[in-house]
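Right, one structure below, let's go through it.
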There are 2 protein chains.
Amino acid sequence: MADLPRRHKIVLDEDRLPTRWYNVVPDLPSPPPPPLHPGTLQPVGPDDLAPLFPMALIEQEVSSERFIDIPVEVQDIYRLWRPTPMFRAWGLERALGTPARIYYKYEGVSPVGSHKPNTSVPQAFYNAQAGVKRLTTETGAGQWGSALAFACSLFGLECEVWQVGASYDQKPYRRIMMETFGARVHRSPSDLTESGRRFLAENPEHTGSLGIAISEAVEVAAQDPTAGYALGSVLNHVLMHQTVIGEEALEQLASVGETPDLIVGCTGGGSNFGGLTFPFIRETLAGRMAPVIRAVEPEACPSLTKGTYQYDFGDTAGLTPLLKMHTLGHDFVPDPIHAGGLRYHGMAPLTSHLYELGLMEAISIGQTECFAAAVQFARTEGIIPAPEPTHALAACIRAALQCKETGEEKVILTALCGHGYLDLGAYDSYNTGQMVDRAFSDDDLAAALASVPKVPA
Amino acid sequence: MADLPRRHKIVLDEDRLPTRWYNVVPDLPSPPPPPLHPGTLQPVGPDDLAPLFPMALIEQEVSSERFIDIPVEVQDIYRLWRPTPMFRAWGLERALGTPARIYYKYEGVSPVGSHKPNTSVPQAFYNAQAGVKRLTTETGAGQWGSALAFACSLFGLECEVWQVGASYDQKPYRRIMMETFGARVHRSPSDLTESGRRFLAENPEHTGSLGIAISEAVEVAAQDPTAGYALGSVLNHVLMHQTVIGEEALEQLASVGETPDLIVGCTGGGSNFGGLTFPFIRETLAGRMAPVIRAVEPEACPSLTKGTYQYDFGDTAGLTPLLKMHTLGHDFVPDPIHAGGLRYHGMAPLTSHLYELGLMEAISIGQTECFAAAVQFARTEGIIPAPEPTHALAACIRAALQCKETGEEKVILTALCGHGYLDLGAYDSYNTGQMVDRAFSDDDLAAALASVPKVPA
């Protein structure tokens, strides 16, 4: 550190772009439990998934290879924004008066402002290669939908997005971004699908949920042989694509001679968290470092810290395979917090499995503390964070202030997985004192869990 | 080039951050005509400017030094985002099928998403150093206001912004960004100033203009001895602060063995254009290169291509010194095009002088062509541009397509001075076919020029 007293950016040369994705599964003491067919309760096979996904992605989903080559065509597109910068948070450290050294890996430089294109690009690539003509998907905060819209435009695929109603109404800019990349965007629930019509019949003003939007996108893809479905988180292959974040971060930290003591990431479906931490978990399992690895989720949607670890559907209508995961129940509709990307009832099966294995810990934080952290970060580091990573920043600040008390010079690493330029409405709510937190009570939990299906262990 | 077949980013190491700003004035065959006091018609002296600006900036405004050291405190903050990346536009080139090589210097990585913090930070620094407690300013598109809000928060200054009414109504996200950085934002015209009340009396629904907002901010600063005024463009010192763009670009192009044949920049007040081109003009005057240097302005506000070169006020109420510049008249209110940052009646006196000296050329383009270029750029390069630099991109595409006809392998450089994440409303207008162009007729011109004061040459 001494030789770089004021350096803020830790840049990785384009030559060092990762050429392989890392699959954490074979390095684990046991594999995660397989997805089950909801009818037979038997593990799903490739044929069950083939109506939705191209075979290349299905193979990645169940692969036992530690590394999978990134196609050159995907690398070429990654080069538009990757390697992404890492920053030393000098300004924030000084404001906190902490002896901790805080580093953040910044994914907001991507075409849509988040980590999501790391997986939308390969997903679109493999689908195009398999002859698929259009991709359907859901989007909550809008980050994933715009990432897929961008990727589809590159490979000449049609893109159709079901945007959660509340987000569609509140975030017209996200819709416009998707349309600028050539996508068609529907407010979910829509009258275009059986699932959508069912929820609209219950409530014509339904503001939707991620689970419902997934149901709609899956239903449409399953009925059209030329269409595929793309998911922005949760699945193994999605988390694997995101490991380019952690691989670069490993190299960037090493280039300044640092080893992390604490790694913090926000978790919604789990892809940003997995992407950052899996390469560090590999190094930890190999005995080369021993960081604490901490997931941070919103108090309003605490799937890891309060959910149950059981088989549940990935969507609300029950169209997907059953996934063994930490879940609040597929019927659960979280409070309308501003971090739309963290409002998912479940947690990636792989992240859930790591949590059960004791390879990581988890905490939850309310959004008011998160936005206070974000405003402090913006004023000292010059980036307005997306609502999702404000959770990670709040946890970093907690840890850094603890170091201030103990005098420990801990090295803290986090992922700033997106910027908040399209989420400024949330900041307005905070700036004007209108933001509220709501505790998640035991009654809430009992009500939420009621929809988890009874599947034999 | 052959050794970097797929490299997209040309990154400059943080060690290569410029440590000096470049002042083009002493290298010119003649100096630009001085600002005049509107009462005496004599050149204004430092004392005339002292109520608004700290002496350090006044000295920079009239300096005859070729280089001025960047204070270490300012360099430290520049490090939050500088050096900025340069990109080779491989995707756009391929889509156009052009033999031209297109490079763009990207300023959208800054804290507020544009080049504006390059000058807001030193302006806030020098004001704080001089004991100023608050800064007032105007903002059109909102880029400048948010840049000053950010800079003021770093140096503990209060920041008060008059945002052009139309922009305040249409772009709440820009206001929220300013407030997130701690600024107070007023819709202009406001009832807080004599100037504002005058325009409101004429029309209570007045949607404002940049010239009116300047009048309000200047009026408030002039009446408060603890306040200063900051301008985001037009003045010599502002353009000089922006030369960090061109200095870095020079080095980045040289690092890949390229010499530009054509440099294109959009022009509103002239600071992005000056920042990019002045260092290249120095190299041109020294005989080390001979690029064509081309300004691009909106058809709806053609100060260089249709305005007159005369002394005029910088603001609408006539509170500023008289500036010798290309102007459409200080009463001129341009059509409400989406490129709010280019809707200024005048052009920087220094840029105007260079134009008169024949060191650069200028063209104007309508906004529909600009947004068509921007959408093509977004889909191939993965960045949604701000409305202002879409003008430069449209001109780059024109030039690249000409190269396609002639087979010339020209090297084209442009500045992508900001991203369009907060301007997606403009894209919605384009995507849905509602965007219109309006030709600027001779009658329009005659009406516009009517307000240019008669000042003896």
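So the label point sits 7 Å from Cα along the Cα-to-Cβ vector; using that for B:A447, what distances do you get to the other copies, in nanometres, sorted shortest first?
When each copy's label point is compared with this one, the spacings are 6.0 nm.
Under the definition of partner shielding as Cβ atoms of other protein chains within 10 Å of a residue Cβ, what is the mean value for peptide A:174-181?
The shielding value for this peptide is 5.
I'd like the antiparallel share, as a percent to the nearest 5, of DSSP beta bridges with both residues in the protein assembly as shown.
The antiparallel proportion sits near 35 percent.
Could you identify the residue of B sitting closest to the B-A rotation axis by Cβ and state that distance rounded to whole angstrom?
B:Y421, 2
Going by average Cβ neighbours within 10 Å, how do the peptides A:298-310, A:339-351 rank, with the highest at the top?
So the peptides A:298-310, A:339-351, ranked by packing, come out A:339-351, A:298-310.
Per residue of chain A, what 222 nm ellipticity follows from adding -39500 (n - 2.57) for every DSSP H run with n ≥ 4, rounded to the nearest 500?
-12000 deg cm²/dmol
Under the Cβ-under-4.7 Å rule, which cysteines of chain B stay unpaired?
Result for chain B is B:C266, B:C301, B:C370, B:C396, B:C403, B:C417, no neighbouring Cys Cβ within the cutoff.
Which shape class, rounded, prolate or oblate, goes with the stretch B:397-447 when its Cα gyration tensor gives a ≥ b ≥ c as root eigenvalues, a/c under 1.5 marks rounded, and past that a/b bigger than b/c marks prolate?
oblate
Express in whole angstrom the spacing between the alpha-carbon centres of the stretch A:320-371 and the stretch B:206-285.
47
Could you give log10 I(q)/I(0) at q = 0.10, 0.20, 0.21 Å⁻¹ for the stretch A:308-457, computed by the Debye formula over C-alpha point scatterers of equal weight, without solvent?
-0.44, -1.28, -1.32
Along the charge dipole of the protein assembly as shown, pointing to its positive end and built from +1/-1 on Cβ of Lys, Arg, Asp and Glu, which listed residue (B:P172, B:Y78, A:V220) has its Cα farthest out?
Value: B:Y78.
With each label point set 7 Å from Cα along the Cα-Cβ vector, what nm distance links A:Q129 and A:E361?
The answer from the label model is 4.1 nm.
Excluding A:H37 itself, calculate the net charge of residues whose Cβ lies under 12 Å from the Cβ of A:H37, where each Lys or Arg counts +1 and each Asp or Glu counts -1.
Residues near A:H37 contribute -2 overall.
Over all alpha-carbon pairs of the protein assembly as shown, lay out the pair-distance distribution in 10 Å bins, whole %, shortest bin first.
The percentages, shortest bin first, are 2, 13, 23, 25, 19, 12, 5, 2, 0, 0.
Around A:L322, with a cut-off of 12 angstrom between Cβ atoms, what is the net charge of the other residues, counting Lys and Arg +1 and Asp and Glu -1?
Taking every other residue near A:L322 into account, the sum is -1.
Could you tell me what percent of the DSSP beta bridges with both partners in chain B are antiparallel, to the nearest 5?
Approximately 35 percent, going by the DSSP bridge assignments.
Taking 25 Å as R0, compute the FRET efficiency from the Cβ-Cβ separation of A:V72 and B:E409 and round it to 0.05.
The calculated FRET efficiency here is 0.50.
For a quick size check, give me the Cα extents of the stretch B:240-353 along its three principal axes, largest first, whole Å.
Sorted largest first, the three principal extents are 48, 28, 22 Å.
Once every Cα of chain B carries one equal point scatterer and solvent is ignored, give the base-10 log of I(q)/I(0) from the Debye formula at q = 0.08, 0.14 Å⁻¹, two decimals.
-0.41, -1.39
Using only the Cα atoms of the stretch B:361-428, what do you get for the radius of gyration and for Dmax, in Å?
Rg and Dmax of the stretch B:361-428, Cα atoms, are 12.3, 38 Å.
So how tilted is helix A:210-223 from the main axis of chain A? Cα-based, degrees 0 to 90, rounded to 10.
50
Can you compute the charge dipole magnitude of chain A about its Cα centre, using +1 on each Lys and Arg Cβ and -1 on each Asp and Glu Cβ, nothing else charged? Give it in debye, rounded to the nearest 20.
840
Starting from the Cα of B:S64, step 7 Å toward the Cβ, then list every residue of the stretch B:213-251 with an amide N under 19 Å from that point.
B:236-237
How much of the pair distance distribution for the stretch B:1-65 lies past 16 Å, counting alpha-carbon pairs only, in percent?
67
Spin-label point model (7 Å from Cα, Cβ direction): what's the B:A95 to B:V455 distance in nm?
The modelled label-to-label distance comes out at 4.3 nm.
What is the average number of partner chain Cβ atoms found within 10 Å of a Cβ in A:379-385?
Other-chain Cβ atoms within 10 Å of each residue's Cβ, averaged: 6.
With 30 Å as the limit, write out which pairs from A:K105/B:K410; B:K9/B:K404; A:K171/B:K306; A:K116/B:K171; A:K410/B:K105 have Cα-Cα distances beyond it, or answer none.
A:K105/B:K410; A:K171/B:K306; A:K410/B:K105
Label points 7 Å out from Cα along the Cβ direction at A:R6 and A:T259: separation in nm?
With each label placed 7 Å out from Cα toward Cβ, I get 3.2 nm.
Please report the net charge: other residues with Cβ closer than 14 Å to the Cβ of A:T119, K and R +1, D and E -1.
After counting each charged neighbour, the total is 0.
Amide H of A:E138 versus every other amide H placed in the peptide plane: which residues, excluding those fewer than 5 positions away on the same chain, fall under 5 Å?
A:W162
Would you mind giving the mean number of other chain beta-carbons within 10 Å of the Cβ of each residue in A:424-431, as a whole number?
Mean number of neighbouring Cβ atoms from other chains: 4.
With the cut-off at 1.5 for a/c, could you classify the stretch B:324-412 from its C-alpha gyration tensor as rounded, prolate or oblate?
oblate
Could you work out the relative contact order of the stretch A:352-399, using alpha carbon pairs under 8 angstrom and six or more residues apart, expressed as a whole percent?
Result for the stretch A:352-399 is 36 percent.
Give, rounded to the nearest 20 debye, the magnitude of the charge dipole that the stretch B:299-457 has about its Cα centre when Lys and Arg contribute +1 at Cβ and Asp and Glu contribute -1 at Cβ.
For this selection, approximately 200 debye.
Any idea what the A:T368 label distances to the other copies are, label 7 Å down the Cα→Cβ vector, nm, shortest first?
Label point to label point, same position, other copies: 5.2 nm.
From the Cα gyration tensor of the stretch B:171-323, with a ≥ b ≥ c the square roots of its eigenvalues, which class applies: rounded if a/c is under 1.5, or else prolate if a/b is larger than b/c, or else oblate?
Because a/c hits 1.5 or more and a/b exceeds b/c, the stretch B:171-323 counts as prolate.
Output the relative contact order of chain B, whole-number percent, from Cα pairs under 8 angstrom with separation of 6+ residues.
Here the relative contact order equals 19 percent.
Bear in mind that the values in this text are calculations on the coordinates, not laboratory data. Only a predicted model underlies this, so the values are computations on that prediction, with no experimental measurement involved. Here the Cβ is made from the backbone with ideal geometry for all residues, glycine too, and neighbour counts use every protein chain on show.
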